[in-house]
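S.K.: Below: one structure in structure tokens.
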Amino acid sequence: MKKILSGILSLFLAAGLLCGCISAFAEENDFIGNMQVVNCNEWVSLREQPSASSPRLVKVSLGSIVSNCRYDSDQWVYCEFDGYAGYIMAQYLEPSDGALTFNAMMVTTTPEGAPFYPTIDSTEPIDTIWPNTVVRNCQMMDNGRVYVEWGDRCGFIRSERAEVYNEMLHYPHKFVMLTNLYSDAYEGPAPALQIDYAESFPLSQYDSTTLTYDLTYYPEPDYPRLNYVLHSEETLGKIHLYSIELMVWDEDTGEAEFEFTLEDMQYELAPGHAITAAAVMIGMTPNLAVGYEDPNGMYHFAFIEMSGEDGSLYLREF
């Protein structure tokens, strides 16, 4: 998620002191950060514009966390949720930056998994998240639950059913992740990590590290081996190469469950450095993925895909 430096707020405050007061406009547009949905029965509307007649983008459940918030007026707050950007009535939000947050958590290996609740205080789960599933953008609640984003769904699980995922990133493991192959919810700015074909990248100008995929489990020898390069203009951490397998897919809704296998890793990727890798790309359904930590400490997952227009490689975050 994008973060606005505290220096911007300091600049507004300094300007207010020089004028003897802070204008109402500056007060209304101060950056708040994360906020929590309150004072509603089940959900509130995230709307395209700050108006009750504006189209609803998505329903935001009671207790959910919205990010990058700032006041548009006394009545409306600009915020971002599930990849959507819009406005929620201010009476339904309160600041929540003091809560403990984690970029990613993993459901623990208890056989029954984690009941998935639609609101912060609901008693009946609407689904179950199975063990070893990664959930993202997690925030600890006061009642012992954790707000999580699971694929393109948002809800709550009990805190004892999850552990911080970042502590486990250095170790090979398998996990499952729910996403939606039809959804644009997690498509945003171009990833900080970039991908190119090895044949078209000036590797001679870079120091490079070679990572590999274990391809022994692919029985078909005719699938082409893909030689590619990962690089960035920023220093990134925890670069992970994953092979992924589609386990379940609902063709009507696009909801899909993938099993991730961590194949190789590098602790850091810096400008002027590059990672070369070779893998097999199979068909149109993603079978390769990469993960990395950006300079703000946020961990990203992205499919490795090939453009149907010009055959170029690209990363699609989810």
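S.K.: So which residues in segment 265-290 are more than 12 Å from Val229 (Cβ to Cβ), in contact with a Ser or Thr (Cβ under 8 Å, 6 or more places away or on another chain) and surrounded by fewer than 17 Cβ atoms within 10 Å (Cβ to Cβ)?
M.R.: Result: Glu268, Ala270, Pro271.
S.K.: From the residues in segment 196-228 that are within 27 Å of the chain's Cα centre (by Cα) and within 14 Å of Asn287 (Cα to Cα), which one is modelled with the lowest pLDDT?
M.R.: In this case the residue turns out to be Asp214.
S.K.: Can you find a residue that is at pLDDT 85 or above, buried (at least 19 other Cβ atoms within 10 Å of the Cβ) and among the small types (Gly, Ala, Ser) anywhere in segment 148-160?
M.R.: yes
S.K.: Pro111 - would you say it is assigned by TED's automatic domain parsing to the domain that holds Ile157, of a type outside the set (S, T, N, Q) and without any contact (Cβ under 8 Å) to a residue 40 or more places away in the chain?
M.R.: Yes: the conditions hold for Pro111.
S.K.: Hey, can you tell me all the residues within segment 231-261 that are in a strand (DSSP E or B), of a type outside the set (Lys, Arg) and more than 21 Å from Met284 (Cα to Cα)? Break it down stepwise before answering.
M.R.: Initial filter on segment 231-261 (in a strand (DSSP E or B)): 231, 236-249, 255-261.
Among the residues that remain, those that are also of a type outside the set (Lys, Arg) are: 231, 236-237, 239-249, 255-261.
The answer is His231, Leu236, Gly237, Ile239, His240.
Here's the yes/no breakdown for (1) over 28 Å from Ile157 (Cβ atoms); (2) at pLDDT 85 or above:
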| site | (1), (2) |
| --- | --- |
| Leu46 | no, yes |
| Arg56 | no, yes |
| Ser67 | no, no |
| Arg70 | yes, yes |
| Trp76 | yes, yes |
| Ile88 | no, yes |
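S.K.: Let me ask something else. Out of segment 63-82, which residues are farther than 18 Å from Thr101 by Cα and in contact (Cβ under 8 Å) with a residue 40 or more places away in the chain?
M.R.: Hits for segment 63-82 are Arg70, Tyr71, Asp72, Ser73, Asp74, Val77.
S.K.: Let me ask you something else. Just need a number here: residues in segment 103-134 that are part of a loop (DSSP other than H, G, I, E, B), of a type in the set (Val, Ile, Thr) and closer than 25 Å to Ser67 by Cα. Spell out the reasoning first.
M.R.: So the first thing to find is which residues in segment 103-134 are part of a loop (DSSP other than H, G, I, E, B), and the list is 108-113, 118-126, 130-132.
Within this subset, residues satisfying the condition of being of a type in the set (Val, Ile, Thr) are 108-110, 119-120, 123, 126.
Keeping just the survivors that are closer than 25 Å to Ser67 by Cα gives 119-120, 126.
Residues flagged as part of a loop (DSSP other than H, G, I, E, B), of a type in the set (Val, Ile, Thr) and closer than 25 Å to Ser67 by Cα within segment 103-134 amount to 3.
S.K.: Residues being under 21 Å from the mean Cα position of the chain (by Cα), surrounded by fewer than 19 Cβ atoms within 10 Å (Cβ to Cβ) and of a type in the set (Ser, Thr, Tyr): count how many of those fall in segment 104-147.
M.R.: 2
The values are calculated or read from the model by the stated rules, or taken from the named source; none is laboratory data. Only a predicted model underlies this, so the values are computations on that prediction, with no experimental measurement involved. Backbone-built Cβ (ideal geometry, glycine too); neighbour counts: all protein chains shown.
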